[in-house]
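Okay, so here's the structure we're looking at.
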Amino acid sequence: MKLITVFGLLFVLTLNTAQAKPFVLACEPEWQSLAQEIGGELIQADSATHGQQNPHFIRVKPSLMSKIRRADLIVCSGADLEVGWLPLLLRNGNAGVQVGKPGHLLISDYVTNIEIPETLDRSLGDIHPQGNPHIHLDPQIILEAAALIEARLSLIDPDNTSSYRNNLESFSARWNAALANWRITAEPLKGKNVITYHKSFSYLLKFLEMNTLTSLEERPGIPPSARHLATVASIIEQTPPLAVITSPYDPEGPNKWVAEKTGVRVLGLPYTIGGSPEVNDLFALYDRTIEILLN
Ligand SMILES: [Zn+2]
């Protein structure tokens, strides 16, 4: 009997040790990947959405509910990107990941969002009321986010602070080197015009010093009307852009229509990790995106 109790106790202790690895639930694959860069083997990380999904709109499935229950840290873009589903998800999360707790990290709360609307009118249906939430395509924001994630992991798991700090240093050095390289490689793109479907790439285009002539969506989240598509077609005819750039989850119809009408090229960019098969980390995401635009 005593022996069974000792074995039982050992089993419980083993389980607790296994559970002690902080579990990071990211809202998007880019933050899962960044958390993994900083946490390495010391953490477990997963993402609520994958690279082929529109992060604005997902259905909260029971499997996701069970993930939020065991999350120690959530990392999301914020600025209302996840407003359609994160509140529901959080209702099922533990106390540590609620608003205001160390386990709750929305990167947009700490960085500068661009494209903040001058007049805020939700009745217009704009899904970027807090400014553009697609912040991970600004390489400088990636560095800031890495430091924020390191600070949170160190709060949640103080025993491993020095490892998290070392990983942050190593990542930042590699990222800064890559960033310097991207600036050089992408030089020919400077000043080039593109058209987007949704405003998914605004931070990237700002970094690359490229111009957005217009978007196929009249307002973020509003599918293009026939009248607006005709306007886009006439803009393309007056100022032919490099391409119409799209994410893996944008609807194909309007892009195809504009391409057929004007002969403009449509370029699909990966947008995030898993947006195309070879894009398996943040370095590959930027490498591949710049490569597609250059070709
Ligand atoms: Zn958006």
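Using unit Cβ charges (K, R positive; D, E negative) and no other charged atoms, how large, in debye to the nearest 20, is the dipole of the range 187-294 about its Cα centre?
Numbers: 10 positive and 12 negative charges, 71 e Å.
So the magnitude is around 340 debye.
Under a 5 Å amide H cut-off, with hydrogens placed 1.01 Å from N, S276 pairs with nothing among residues at least 5 apart or on other chains.
Summary value for the chain: 16 percent relative contact order, contacts being C-alpha pairs under 8 angstrom separated by 6+ residues. Across the range 130-257, the fraction of Cα-Cα pairs farther apart than 25 Å, rounded to a whole number, is 42%.
Provide the net charge surrounding H50, with neighbours chosen by a C-beta distance below 15 Å and charges set as Lys +1, Arg +1, Asp -1, Glu -1.
Working: positive: R59, K61, K67; negative: E28, E30, D46, E82, D281.
Charge balance in the 15 Å sphere: -2.
A Gaussian network model of the chain, with springs between Cα atoms under 10 Å, assigns the largest mean-square fluctuation among S215, S247, S63 to S63.
Phi angles across the range 286-292 convert, under the Karplus curve 6.51 cos²θ - 1.76 cosθ + 1.60 with θ = phi - 60°, into 3J(HN,Hα) values of 5, 4, 5, 4, 5, 4, 4 Hz, Gly and Pro given as x. Which value in deg cm²/dmol, rounded to the nearest 500, describes the helix-derived mean residue ellipticity at 222 nm for the chain, given -39,500 (n - 2.57) per DSSP H run of n ≥ 4 and division by the residue count? Mean residue ellipticity at 222 nm (helix-derived): -13500 deg cm²/dmol.
Placing unit charges on each Cβ (+1 for Lys and Arg, -1 for Asp and Glu) gives the range 187-294 a dipole about its Cα centre, and among Y271, L208, H228 the Cα reaching farthest toward its positive end belongs to H228.
Would you kindly work out the equivalent ellipsoid of the range 226-295 from its C-alpha gyration tensor and give its semi-axes, the square roots of five times the eigenvalues, largest first in whole Å? Don't skip to the end; give the middle numbers.
Working: eigenvalues 142, 34, 12 Å².
Ellipsoid semi-axes (Å, largest first): 27, 13, 8.
Rg ratio for the chain: its Cα radius of gyration over 2.2 N^0.38 Å, N being its residue count, equals 1.12. Residues considered: K199, K101, K67. Largest GNM mean-square fluctuation over the chain, using C-alpha springs under 10 Å, is found at K101.
A simple rule links phi to the HN-Hα coupling: the Karplus curve 6.51 cos²θ - 1.76 cosθ + 1.60 with θ = phi - 60°, which for the range 133-145 gives x, 8, 6, 6, 8, 9, x, 5, 5, 4, 5, 5, 5 Hz, with x for Gly and Pro. Taken one residue at a time, the phi angles of the range 178-187 give Karplus couplings (6.51, -1.76, 1.60, θ = phi - 60°) of 5, 4, 4, 5, 4, 4, 6, 4, 8, 3 Hz. Gly and Pro are set to x. Comparing P254, P188, P133 in a Gaussian network model of the chain, where Cα atoms under 10 Å apart are tied by springs, the biggest mean-square fluctuation is seen for P188.
Read-outs throughout are calculated quantities, based only on the coordinates presented, and are distinct from any laboratory measurement. Here the structure is a predicted model, which means the values were calculated and not measured. All Cβ positions, glycine included, derive from the backbone under ideal geometry; neighbour counts span all protein chains shown.
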